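The values are calculated or read from the model by the stated rules, or taken from the named source; none is laboratory data. Everything numeric in this text was worked out from a predicted model, so none of it was measured. In this analysis, Cβ positions are derived from the backbone assuming ideal geometry, glycine residues included, and neighbour counts consider all displayed protein chains. Quick note on the areas: whole protein, heavy atoms, side chains included, nothing else; ligands and nucleic acids left out. Shrake-Rupley method; radii C 1.70, N 1.55, O 1.52, S 1.80 Å.
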Amino acid sequence: MIVDGKAIAKEIYRETANQVTHVSYTPHLTVFTCAPNFETQKYLTLKKKKAAEVGVGVNIIELPQTLTTEEMVQSVAHACMQTDGIIVQLPLPEHIDTDAVLSAIPPKYDVDGMHYDGTAETFMSPVVAAISEIAQRHDVLFASQKVVVVGQGRLVGAPAAIWARTQGAQVTVLTAESENNNDVIAEADILILGAGVPGLVKADILKEGVVIFDAGTSEDGGELKGDAHTSCIEKASLITPVPGGIGPITIAILLRNVVTATT
């Protein structure tokens, strides 16, 4: 089965718009960005458009590239007095301490889930929440399953591994430095991909009936592609396509988080 992420996102937007009608004011999101490239600008525009559709206000603050870490931390702290949720759009310029800036976002404002630690006190990262949403809707159980997470980045791999363990899965995290990656992948019941390498995983090494959550989007020849080669569709019992799978759901969940943060 190929997951229709756009259809799921549409349902979440509808539910979120209904939630907004029960809030006594307009929920608000603040997004900090610094020297955004063309792709980031497009993504920010899409966030703002979708937010307007569900009734969430968005303020995008583009900071100068010469900004210091301390100045950015102060900007984040000041925003807490004026908003319901805060996002720091990554990556930041190299001279800025990303960890220090992200740490300045209080958990209750962290709608992008950068503080996610597997507890209910922290927002789940939208990518991982999208995986959870798909799993619930398609009856994918993680308990006692062999889950292989490819990549350990802060947006996909690291939080996905934390979440899968909370579901009772046997989790293995692979990186480029790991040994026998193909052998480990071949044993996976569930694959979560977040390496950002187009076509990294091919069908010939997969177990029949594997479930694949592909969040490893990257550009290849002007096209958006995932870590799973198109041949993986032949082996997978369920797979999220790129584009059109996890991606559309993440923005919908982000906005749902903003509304949740108002309570």
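Of Asp112, Asp99, all but one fail to be open to solvent by 30 Å² or more (accessible area, probe 1.4 Å) and in a loop (DSSP other than H, G, I, E, B); the exception is Asp112.
Taken together, Gly55, Gly118, Gly85, Gly113 contain a single residue that is of a type outside the set (A, V, I, L, M, F, W, C) and farther than 25 Å from Val23 by Cα, which is Gly118.
Every test in (1) in contact (Cβ under 8 Å) with a residue 24 or more places away in the chain; (2) closer than 13 Å to Val259 by Cα; (3) small (Gly, Ala, Ser) is passed by Ser24 save one, and that test is (1).
Inspection of the stretch 17-29 finds no residue satisfying the criterion of being open to solvent by 90 Å² or more (accessible area, probe 1.4 Å) and under 17 Å from the mean Cα position of the chain (by Cα). Summed over the stretch 234-259, the residues that are more than 20 Å from the chain's Cα centre (by Cα) and either of a type outside the set (D, E, K, R) or assigned to a loop (DSSP other than H, G, I, E, B) (or both) give a count of 3. Might you let me know whether the stretch 38-58 holds any residue that is surrounded by 15 or more Cβ atoms within 10 Å (Cβ to Cβ), in a loop (DSSP other than H, G, I, E, B) and without any contact (Cβ under 8 Å) to a residue 40 or more places away in the chain? Yes: one or more hits.
Among the residues examined, Pro93 does not qualify as touching a Cys at 6+ places or on another chain (Cβ under 8 Å), at negative phi, touching a residue at least 12 places away in the same chain (Cβ under 8 Å) and open to solvent by 30 Å² or more (accessible area, probe 1.4 Å).
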